[in-house]
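Report on the following structure.
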Amino acid sequence: MCGIVGYLGPSKAAPVLLSELRCLEYRGYDSAGVAVIESGELVVLKAAGKLSNLETLLTDKKPTATVGIGHTRWATHGIPNDENAHPHTDCTGTIAVVHNGIIENYQALCAELTAAGHTLVSQTDTEVVSHLIEDEYKKCVLECNGDALLVAIERAVKRLEGAYALGIVSQKHPERIYAVNHNYSLSVGLGDGESFLASDSVAVRQFTNKLIRLEQSEIAEVTVNGARLFDFNGTFIDRQAIEVDMNPYIISKDGYRHFLLKEIHEQPISMRQTMGKYINHPDKPIDLRPTENGGGHFGNYGVNLTETQLKSIERINIVACGTANYAGMAGKYILEEICGIPVDVEIASEVRGRKPLLNDKTLCIAVSQSGETADTLAAFTEAQAAGAMSMGITNRADSHLSRITDNLMVTECGIEVSVAATKSFTAQVACFYVLALYIAETRKLLPPAEIFRLKQQLLLVPALQERILSQEKIIQQQSIKYAEAHDMLFMGRGINYPVALEGALKLKEISYIHASGYAAGELKHGPIAVLDAKVPVVTIVVPGKVYEKTLSNAQEAKARNAQMIAVATEGDDRAKGIFDTIFTIPQVDELFSPLVTVLPLQLMSYFIADYLGKDVDQPRNLAKSVTVE
Ligand code: M6R
């Protein structure tokens, strides 16, 4: 979704801002813009569409300014056009603002500002901010002993309701950029005589490894010499920059055609890294506690739940959206199977407005690759407010989620650039196995030998994934036969039901083919009506408790002439008798099978989408992290 960047230093700002904005492209956007201070004048350049449109403007105008802010906008209030693109200025054209998030009371503020004689030209909620600062600045210049612009910003932001991050420049102070964070994410990067700003630290990490994260309700005054932090009352906050590990955040396709394909292939390594962090050896107890250096992360990290708390959990409530929600559904099967604790999984956006039935014996787990998904964060904070214990599973230790809980498991996937989640899904599911085994160890729920066996099985999974990935060419040939389909059904039972949902989501996200996932037993209760010879049905069938029943459900589809595809185990002769196409997987314990069965489905979606010529890394209408409810 929206992205904020900034630069201040000896170099020309425009190329740096563009380079920062490029790092944020993966988040999804529909317009982009910059504001620079060129020879003492504020200059705003912005354009709807891809960054290349903004680049053309910058090539034309060739600004030489060395200070500026930039933005990629994903439209929420007002259509994606030039006018609504950020930055937004005030009536005097001297203050420019870029904004992520939503100003919930913008309509009231807009009415007030208009009545006071301001002219607002866009349909956005953002524009009120520049006009509020304009008003406050006029007053502060007369009233304030201190710094008028800083005080004006403090006063203006106190009037805003909602969650937001802001970047602000004023031509009156070309030596500074201001950054404001309120329940959002914003980081300042400190270089040698230059400073950077970004809502996603990935954009800054290409230039420096010294980062300062703005916490809740903070303002940073950024100069070439560093950043001074204040709360909204102007109280100085002393915080030093943290040195971060830049490697996992290098954005590169590494020779792959698409980020998506690269990320599918990265799963064995991200799984090994994620599990390896918590499981040293199957013989040793799992350790989720924070490590001294924060695990090399920029942000909170580690689980601080005490043994007493872990023993007191009576119920687990998982909140998440999209793919992360399906990882949570797999988590339910895992936690219930290993720990015997009842688990509910909620679509995070469905939590709002409902009576919270949680208490201090409930552990609420938010699962979010980005750690920024507004629906997930809202559901999570409601659970916290209801008194539940809380824990996050995220790929971004520097995210908002990491700020609002003391208990964080971090998936070690490195940056996931493709909008469609792949490696984050398997790493999230891996976290659920680790967590379940951790709880089982702490609560002595299983004999040590069984826990040892389960850990061993889990640690073998990346090697099984590698075997599937080595069959990529076969999967490609098998997949593109189905590229002309208009509808596809995915079904699985038990722990592979969430995989069916994820398979369907992947296909529709990147190929735009309509696809639905079902619990295999549900097919006969309705969806079977849509089946005919034109509809491929993908069945996930692995040996285990639900094998027979899943095969019966597949037979029901076959009897309706559907095109039959399976993800099935090597050497499964019964499957061979039913399915036209089989994506074979190695033998795997049913309990761990989602980590394996999902891979052929990811590859199938990728190959179909690529065959159809779709923009697989940035599918239409989608954003990588959805920061509005
Ligand atoms: O960053 P999050 O994991 O919270 O994102 C949640 C969903 O928006 C995300 O999983 C979405 O469904 C992806 N596009 C899936 O490919």
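The values are calculated or read from the model by the stated rules, or taken from the named source; none is laboratory data. Bear in mind the structure is a predicted one, so any value in this text is a computation, not a measurement. Heads up, the Cβs are rebuilt from the backbone with ideal geometry, glycines too, and the neighbour counts pull from every protein chain shown. Side chains included, ligands, DNA and RNA excluded: accessible areas come from the protein's heavy atoms. Shrake-Rupley method; radii C 1.70, N 1.55, O 1.52, S 1.80 Å.
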Bin all alpha-carbon pair distances of the stretch 196-298 at 5 Å intervals from 0 and give each bin's fraction as a whole percent. 2, 9, 14, 16, 15, 15, 10, 10, 5, 2, 0
Where a ≥ b ≥ c are the square roots of the eigenvalues of the C-alpha gyration tensor, would you call the stretch 3-243 rounded, which needs a/c under 1.5, or, failing that, prolate if a/b is larger than b/c, or oblate? rounded
Under a crude label model (7 Å from the Cα following the beta-carbon direction), how far is Asp231 from Glu450 in nanometres? 5.0 nm
Convert 20 °C to kelvin, take the viscosity as 1.002 mPa s, use the Kirkwood radius over C-alpha pairs of the stretch 278-434 as Rh, and evaluate the Stokes-Einstein diffusion coefficient in µm²/s, rounded to a whole number. 139 µm²/s
The chain: relative contact order in percent, alpha carbon pairs under 8 Å with at least 6 residues between: 11 percent
The distance between the Cα centres of the stretch 550-629 and the stretch 350-386, in whole Å, is 30 Å
Out of all DSSP beta bridges with both ends in the stretch 259-465, state the antiparallel percent to the nearest 5. 10 percent
Rg to Rh ratio, the chain, alpha-carbon atoms and Kirkwood radius? 1.00
For the stretch 331-421, compute Rg over Rh where Rg is the Cα radius of gyration and Rh is the Kirkwood radius from the inverse mean 1/r over Cα pairs. 0.97
Measure off 7 Å from each Cα along the Cα-to-Cβ vector at Ile480 and Glu104, then give the distance between these two points in nanometres to one decimal. 5.1 nm
Hz values of 3J(HN,Hα) by residue in the stretch 486-498 - Karplus curve (6.51, -1.76, 1.60), Gly and Pro given as x: 9, 9, 9, 10, 10, 9, x, 10, x, 5, 9, 5, x
Estimated [θ] at 222 nm from DSSP helical runs (n ≥ 4, -39500 (n - 2.57)) normalised by residues in the chain, nearest 500: -11000 deg cm²/dmol
Kirkwood Rh over Cα pairs of the stretch 472-611 into Stokes-Einstein at 20 °C, 1.002 mPa s: D in µm²/s? 149 µm²/s
What does the highest-first list of 199-211, 423-435, 10-22 look like by mean Cβ count within 10 Å? 423-435, 199-211, 10-22
Over the chain, what percent of the accessible surface lies on carbon and sulfur atoms, probe 1.4 Å? 49 percent
So which cysteines in the chain don't have a second cysteine's C-beta under 4.7 Å from them? Cys2, Cys23, Cys91, Cys110, Cys321, Cys339, Cys364, Cys413, Cys431
Roughly how many Å² is the accessible area per residue of the stretch 259-465, as a whole number, for a 1.4 Å probe? 34 Å²
Beta bridges per DSSP with both ends in the chain, % antiparallel, nearest 5: 60 percent
Which whole-number percent is the relative contact order of the stretch 259-465 (Cα, under 8 Å, 6+ apart)? 30 percent
So, for the stretch 26-118, what is the accessible surface per residue at a probe of 1.4 Å, expressed in square angstrom? 39 Å²
Relative contact order computed over the stretch 472-611 (Cα-Cα under 8 Å; 6+ residues apart), in percent: 30 percent
